[in-house]
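Encoded as structure tokens, the structure appears first; notes follow it.
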Amino acid sequence: MSHQVCLLSGDGIGPEITHVVQEIIDAAGVKIEWIPCEAGLSAYEKGGDPLPQATLDNIRTTKLALKGPLATASGTGFRSVNVSLRKELQLYANYRPAKSLKGVPAPFKDVDLIVVRENTEGLYSGLEHTVVPGVVESLRVITEAGSRRIAEFAFETARSLGRKRVTCIHKANILKLSDGLFLDTCNKVAKDYPDIEYDDCIVDAAAMKMVLNPQQFDVLVMENLFGDILSDLASGLVGGLGVTPSGNLGTDAAVFEAVHGTAPDIAGKNLANPTALLLSATMMLKHMGETEAAKKIEASLFSVLEEGKTLTGDLKGSASTTEFAEAIIAKL
Ligand code: NAD
């Protein structure tokens, strides 16, 4: 059976890494009809819209997308397409596993945690205004409904993966109303999952514990900004953004993407590491029910990483993007 998946190649290294990921999926025997979709700086330069309506319509139809990184200017310019995509498609759950990989230099071994981040609320609601010149205000929106659905997602994920514990990360000691509501809602949801252990931790203490002893964590659930920061911190524990995948899931669609950016310094040079996007793609394959193919690809990738003979520059190797991909395909 052929699946339809939207492909947002993205900017910078995006086209190079999405291309090899397509080749690896094809070599694993999964039949995908890729629907190319425009987004990001390239779409903006072509048609004046960084997130064309046709792209949103296509993703709503296929309900699935694989996305390369998109360039966003800081401070000025168009609103982040990543943020807009998550809001438009109500991709409320960002799912980011951080797992140690043999052969990938990292500060820790045996880390295996999952950050579940609320993707649509908090400070990323995009509600900012100038009160008077020199004074700006950003609104941090937390709702009971939003907190409930992300808490339920975290517990359902933990249950389906056989995980033991969910930890709610918050700052309810200071943000008594907003994070008070988030924590209170997580506490209530936890009661519906008596088979899963539950506790909570204040965000600053959680950051310290993660860099001292990350193995103590299992599934962590948190609001948007804390999730943005701690999920990158978690990536650092296992070797950086080049090896960490992510999925953005909602009721109507799912978008899988690497968490790194467009790497303008190495774009177009066939030097980028496609691991993060490939692991995002295997996450997508599992979501589509192609679990065997996903496991086959992961086994080949892990074997190439562990052998250490064909690694890209970021992993202290000298292989090109295409050589790395060819080594994975040879193992399939
Ligand atoms: P970046 O992740 O692009 O680059 C940081 C460093 O990591 C660079 O040295 C880069 O070469 C390296 N790197 C990143 N991915 C790599 C890979 N796959 N293989 C090898 N090395 C890799 O971060 P940045 O420079 O802060 O951002 C550049 C652009 O990307 C900005 O426009 C930013 O808005 C955008 N961005 C997009 C996303 C996304 O679309 N999800 C995420 C982060 C940043």
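Rule-based calculations on the coordinates, nothing more; no lab input. The shown structure was predicted, so the numbers you read here are calculated from the model rather than taken from an experiment. A quick note on method: Cβ atoms are made from the backbone with ideal geometry, for glycine too, and the neighbour counts reach across all protein chains shown.
What the table shows:
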{"quantity": "Semi-axes of the equivalent ellipsoid for segment 104-211, Cα gyration tensor, largest first, Å", "calculated": "28, 19, 13"}
{"quantity": "By average C-beta atoms within 10 angstrom, highest first, the peptides 280-291, 9-20", "calculated": "9-20, 280-291"}
{"quantity": "Long-range amide H partners of Y198 with built H, under 5 Å", "calculated": "V166"}
{"quantity": "J(HN,Hα) series, segment 56-71, from Karplus relation 6.51 cos²θ - 1.76 cosθ + 1.60, nearest Hz, glycine and proline x", "calculated": "4, 4, 4, 5, 5, 6, 7, 6, 9, 8, 10, 10, x, x, 10, 6"}
{"quantity": "Environment charge of D195, counting only residues whose C-beta is closer than 14 Å and scoring Lys/Arg +1, Asp/Glu -1", "calculated": "+1"}
{"quantity": "Listed residue (S300, I196, A71) projecting farthest to the positive dipole end of the chain, Cβ model", "calculated": "I196"}
{"quantity": "Convex hull per residue volume in Å³, alpha carbons only, for segment 5-47", "calculated": "52 Å³"}
{"quantity": "Backbone HN-Hα couplings from phi across segment 7-24 [Karplus 6.51/-1.76/1.60, Hz, Gly and Pro as x]", "calculated": "10, 9, 5, x, 10, x, 6, x, x, 5, 6, 5, 4, 5, 5, 4, 5, 5"}
{"quantity": "Kirkwood Rh and Cα Rg combined as Rg/Rh, segment 1-134", "calculated": "1.02"}
{"quantity": "Cα point-scatterer Debye curve for segment 203-320, base-10 log of I(q)/I(0) at q = 0.12, 0.16 Å⁻¹", "calculated": "-0.53, -0.93"}
{"quantity": "Segment 86-165-segment 261-332 distance, computed between alpha-carbon centres (Å)", "calculated": "25 Å"}
{"quantity": "Cα-derived Rg over Rh, computed across the chain with Rh taken as Kirkwood radius", "calculated": "0.96"}
{"quantity": "Unit charges on C-beta of K, R, D, E only; dipole of segment 85-216, Debye", "calculated": "420 debye"}
{"quantity": "Top of E223, E298, E118 by mean-square fluctuation, Gaussian network on the chain, Cα under 10 Å", "calculated": "E298"}
{"quantity": "Extension gain from V211 to E144, taking 0.36 nm per residue of separation minus the Cα-Cα distance", "calculated": "21.1 nm"}
{"quantity": "For the chain, share of DSSP beta bridges that run antiparallel, in % to the nearest 5", "calculated": "45 percent"}
{"quantity": "Cβ-defined net charge surrounding A43, 11 Å radius [Lys, Arg +1; Asp, Glu -1]", "calculated": "-3"}
